[in-house]
Amino acid sequence: MQCKHCLKEFTGGASRIREHYVYSTPACSVSQCEKVPADVLALMQQEHAKRLKKDQVSAAKRALEMATCSTVAAAAAAVGGSKKQKRSFNTPMEQAKPSVTRL
C-alpha cells in the first residue's frame, strides 16, 4: 500500500496507513506522515478516538460477562448444582424414532 500524501510504501493493510496518519502509537514503528492535510488528520483522529472508545466498551462488557459467569458458577456450586447435566443433542426427528434393539 502507498500513502496518498507522501507516497511512502507500506507492507500491511489499512491499519498501517491509519497509524501513519494519526501516529497514535509510536511503538508500531510507523513514521508519521508530514504531508497529511489538517482536515484529514482531524477526521482520522476522531475516528481513532471512536475506535478506542468502542474497544474500551467491548473490553468492559467482556470483563462483566466473565465476572457474571464466575459468580453464577460459584452460586451453582454452593447450591450443589456443580455436577454437569448430561445433555442430548439429538434432533427432534432422531428423538421421534423408536429405538431398535438387536438380538
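Please treat every number below as a calculation from the coordinates, not as lab data. Note that the structure is a prediction, hence the values are computed from the model and not measured.
Things worth noting here:
- Across the range 1-48, the mean sequence separation of Cα contacts (distance under 8 Å, 6 or more residues apart), normalised by length, yields a relative contact order of 32 percent.
- One equal scatterer on each Cα of the range 1-75, no solvent, Debye formula: the resulting log10 I(q)/I(0) at q = 0.16 Å⁻¹ is -0.65.
- Close Lys-Lys pairs in the range 1-76, where close means Cα under 21 Å and separation is 8 or more or interchain: 4
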